[in-house]
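The values are calculated or read from the model by the stated rules, or taken from the named source; none is laboratory data. Predicted model, so just to flag it, every value in this text is computed and none were measured. Cβ sites come from the backbone with ideal geometry, for glycine too, and all protein chains shown count toward neighbours.
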Amino acid sequence: MQATSRDDSGRETVTASGKIGADHSAMRAHNERLVLSLIRRHGALAKSEIARLTGLSAQTVSVIMRGLEAAGLLAREAPVRGKVGQPTVPMSLAPEGAFFLGLKVGRRRTEMVLIDFVGTVRAVRVMRHDHPSPEGVRAFAREAATELTAPLPAALKARIQGLGIGLPFQLWDWAESLGLPAGAMDDWRDHDLRAELAADLPWPVLLENDASAACNAELIFGKTRLPRDFVYVFLGFFVGGGLVLGGSMFTGQSGNAAALASMPVPDGRGGARQLVEYASLCALEKALAARGRDGAFLWESAPDWTLEEEIVGPWLAQAARALAHVAASAGALCDLQAMVVDGWMPEALQTRLIRGIEAELDLIRLSGMTRPAVLAGTAGPQARALGAASLPLSAKFLVEFGGLPDAPAGRR
C-alpha cells in the first residue's frame, strides 16, 4: 500500500507502508483530511472502519472524528447493530459543513455555482456571450458571488471556503475557432483573473484549466467507481480532458496535461487535423450554421436539445472516429484502462457517442496493447463548474485519492 504526505513545499510525496495515517500531533491536519477523504470516497464510515483503513489507533481516530463533528463537518448516522458487541455509529459528511464557489469561463457561456460540502449545487448564475472578455468575466464574477452568497445566513456564509476558477488556458489562441479576427482575444494575455478576483473577494481563489477541473469533479463527485488509470474527455464548445494515473490527476509541468483539443488525429485523407475540429460542439455549431440554423440554443440552461439526424449523425460519426484514435494513442502511451467521456450534451447523445467510439475502436488494430474501455462520465454537463468549486474543497479538506485504500469489506 502507498501512503501520501506533504513536504515543506506542499508537494505530495509517496511512501510504501501499511499505514497511511500518522499519530503525531503535527500531523493532525493531515489526518483530518485523510478521514474526510475516506468518507467522501466510500460513504459513511464508523470509527472502527477508519482505524482499520488508516492504521491509526482507535483513540486517535476517536479524537479526530469528535473534532470534525464539533466543527460541523461530520454528522452521525443511525446506529448499526451487529450480531455481537455494541452498535457502531457511521459518520457522514455534513452538507452544510462548508460551501464553495466555482466559476467556469466558457467560450459561449460563463457560469458560477455555489455548492455545499457534499457537492450539491445550491444556486447558479449564468452569463452568455459571443466570447468572454477579462473585464466582463471579472464583473460577472463579483456580481454573481454577491448574489449567490447573500441569501445564506451569517453562520453559513462564514463557512464559505473559497472560489475556484475553471479557465481554458491560452484563450487567445482560439480566436479563429470562435469566428473572431486574429488578436480579438489578446486581452487575456495581460490579465491574471485569479489575482484580480482574489483582490475583489474575501476568500482564497484558485485556478485550474477548465477541462482538468471537470476531471477533478469526476474524481470527487462522480457516481461510479472508476479505474485507476484513464483519460478523461469533456466535450464543450471545444474539447479538453484530464489524465488520471494511479487514481490521481496528472497535470504536467505547466498544468496543461491532456490538452486534447490540440491532439492530431487522422483526417481520413492521409493527413492529420486537430481533435477540436472533429470532436467539439463548435464543430456541431458550424454544421448547424452551414444549414442556416442558429446554434445559440446549444448554450441554454440545460443541454436537453434534440437535432435532426442529418445534422447530428455526421457529427457523431466524425467525433467518434477521432476520439477512438485518441483512446488508442493514449492507451498505448500510458497503459490506460479506460477513456471516460462527458460533456455539455444530452445523456442520449453521450450514450450514442460512446457506442460510436467503441465501434471505431473495433476498426483500429490494437495488437500489443490492452484495449481501453469507454465509460460514461457522471459529473454531467456542469462538470467544469463543479470542478472549479472542487478546487478549494480539495485544497483544504482532501488528500490525493490515489493513496487511499479500497473500501472496507462488504462495501462497493
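Contact annotation: residue pairs with Cβ atoms under 6 Å, 6 or more positions apart or on different chains, pairing a residue in region 283-304 that is of a type in the set (D, E, K, R) with a partner that is in a helix (DSSP H, G or I) and surrounded by 11 or more Cβ atoms within 10 Å (Cβ to Cβ), are GLU285/GLY295.
Might you let me know whether region 394-403 holds any residue that is surrounded by fewer than 21 Cβ atoms within 10 Å (Cβ to Cβ), within 17 Å of PHE234 (Cβ to Cβ) and at pLDDT 95 or above? Within region 394-403 (the criterion being surrounded by fewer than 21 Cβ atoms within 10 Å (Cβ to Cβ), within 17 Å of PHE234 (Cβ to Cβ) and at pLDDT 95 or above), the answer is no, since none of the residues qualifies. Given the condition within 17 Å of the chain's Cα centre (by Cα), of a type in the set (Gly, Ala, Ser) and part of a strand (DSSP E or B), answer yes or no: does some residue in region 101-109 qualify? Taking every residue of region 101-109 in turn, at least one turns out to be within 17 Å of the chain's Cα centre (by Cα), of a type in the set (Gly, Ala, Ser) and part of a strand (DSSP E or B). If the condition is being at positive phi and surrounded by fewer than 17 Cβ atoms within 10 Å (Cβ to Cβ), then region 234-259 contributes GLY246, GLY252, GLY255. Criterion first (touching a strand residue (DSSP E or B) at 6+ places or on another chain (Cβ under 6 Å), surrounded by 19 or more Cβ atoms within 10 Å (Cβ to Cβ), in a strand (DSSP E or B) and modelled with pLDDT of 95 or more) does VAL231 satisfy it? Spelling it out, VAL231 is indeed touching a strand residue (DSSP E or B) at 6+ places or on another chain (Cβ under 6 Å), surrounded by 19 or more Cβ atoms within 10 Å (Cβ to Cβ), in a strand (DSSP E or B) and modelled with pLDDT of 95 or more.
Candidates in region 1-54 are the residues that are polar (S, T, N, Q) and modelled with pLDDT under 65; of these, the one that is farthest from PRO90 (Cα to Cα) is SER9. Here is the figure for region 106-160: residues that are polar (S, T, N, Q) and closer than 16 Å to ARG194 by Cα total 2. Only residues that are in a helix (DSSP H, G or I) and touching a residue at least 40 places away in the same chain (Cβ under 8 Å) were counted across region 354-371, and they come to 2. Residue-level check: of (1) within 30 Å of PRO227 (Cα to Cα); (2) modelled with pLDDT of 90 or more; (3) surrounded by fewer than 20 Cβ atoms within 10 Å (Cβ to Cβ), ALA279 misses just (3). Note on region 237-276: enclosed strands (runs of 3 or more DSSP E) holding 2 or more residues that are within 23 Å of ALA383 (Cα to Cα), modelled with pLDDT of 90 or more and touching a strand residue (DSSP E or B) at 6+ places or on another chain (Cβ under 6 Å) are 239-245, 248-250.
Among the residues of region 315-354, the one identified as more than 27 Å from ALA385 (Cα to Cα), of a type in the set (A, V, I, L, M, F, W, C) and under 22 Å from the mean Cα position of the chain (by Cα) is CYS334. Looking across region 86-125 at every residue that is under 30 Å from ALA283 (Cβ atoms) and of a type in the set (Gly, Ala, Ser), the one that is surrounded by the fewest Cβ atoms within 10 Å (Cβ to Cβ) is identified as GLY106. Filtered by the rule that a residue be in a loop (DSSP other than H, G, I, E, B) and either surrounded by 13 or more Cβ atoms within 10 Å (Cβ to Cβ) or aromatic (Phe, Trp, Tyr) (or both), region 144-165 gives LEU152, ARG159.
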